[in-house]
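J.: Okay, handing you the structure first.
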Amino acid sequence: MAFVILEACGNEKAAECTQICPVDCIEQGEDQYYIDPNLCIDCGACVAACPVEAIVDEHDLTEEQEEQLEKAEAFFG
Ligand code: SF4
Ligand code: SF4
């Protein structure tokens, strides 16, 4: 399980989330930031730090948003 960053991040990218993550698993991609699903400990701290509410629990993703998790997995290889 992990938290996932949605496309809304791409318009903001101020990276408050990276400063609050206790395991440092959020990295900048070309178009947005991504959470490493293998390192995320599901603490949820980043959710409140994001000013555009771009971070959601994997289980709350809509079918359309599922590809954001796949993009994160691909980004971290
Ligand atoms: S705080 Fe939100 S919008 Fe800003 S970089 Fe993190 S996920 Fe993206
Ligand atoms: S839920 Fe916690 S561990 Fe996962 S990315 Fe957010 S702050 Fe980091």
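Every read-out reported here was derived from the displayed coordinates using simple, explicitly stated rules and does not represent laboratory data. For clarity, every value in this text was computed on a predicted model and none was experimentally measured. Neighbour counts run over all protein chains shown; Cβ positions are idealised from the backbone, glycine included.
J.: Which one of Q68, L6, V47 has its Cα pushed farthest toward the positive end of the charge dipole of the chain, where Lys and Arg give +1 and Asp and Glu give -1 at the Cβ?
T.: V47
J.: Rank-order 61-70, 12-21 by packing density, defined as the average count of other C-beta atoms within 10 Å over each peptide's residues, highest first.
T.: 12-21, 61-70
J.: Now, a different point. Give the Rg (one decimal place) followed by the Dmax (whole number) of segment 3-75, computed from C-alpha coordinates and expressed in Å.
T.: In Å, with Rg to one decimal and Dmax whole: 10.7, 29.
J.: For segment 1-58, what is the charge dipole size about the Cα centre, in debye to the nearest 20, if Lys and Arg each add +1 at the Cβ and Asp and Glu each add -1 at the Cβ? Each step should come with its number before you reach the end.
T.: Values: 1 positive and 12 negative charges, 28 e Å.
Result for segment 1-58 is approximately 140 debye, rounded to the nearest 20.
J.: Could you rank the peptides 49-59, 32-42 by their average count of other C-beta atoms within 10 Å per residue, with the highest value first?
T.: Result, highest mean Cβ count within 10 Å first: 32-42, 49-59.
J.: Now for a separate question. What list of ³J(HN,Hα) couplings, whole Hz, do you get for segment 35-40 from phi and the Karplus terms 6.51, -1.76, 1.60, once you set θ to phi - 60° and write x for glycine and proline?
T.: Result, ordered by residue: 9, 6, x, 7, 10, 4 Hz.
J.: Determine ³J(HN,Hα), in whole Hz, for all residues of segment 50-67 in sequence, where each value follows from phi through the Karplus function 6.51 cos²θ - 1.76 cosθ + 1.60 and θ = phi - 60°; x replaces Gly and Pro.
T.: 7, x, 10, 6, 8, 10, 10, 5, 3, 6, 9, 5, 7, 4, 5, 7, 3, 5
J.: What distance in nm separates the simple spin-label points at A48 and Q28, each placed 7 Å from Cα in the Cβ direction?
T.: In this crude spin-label approximation the distance works out to 2.6 nm.
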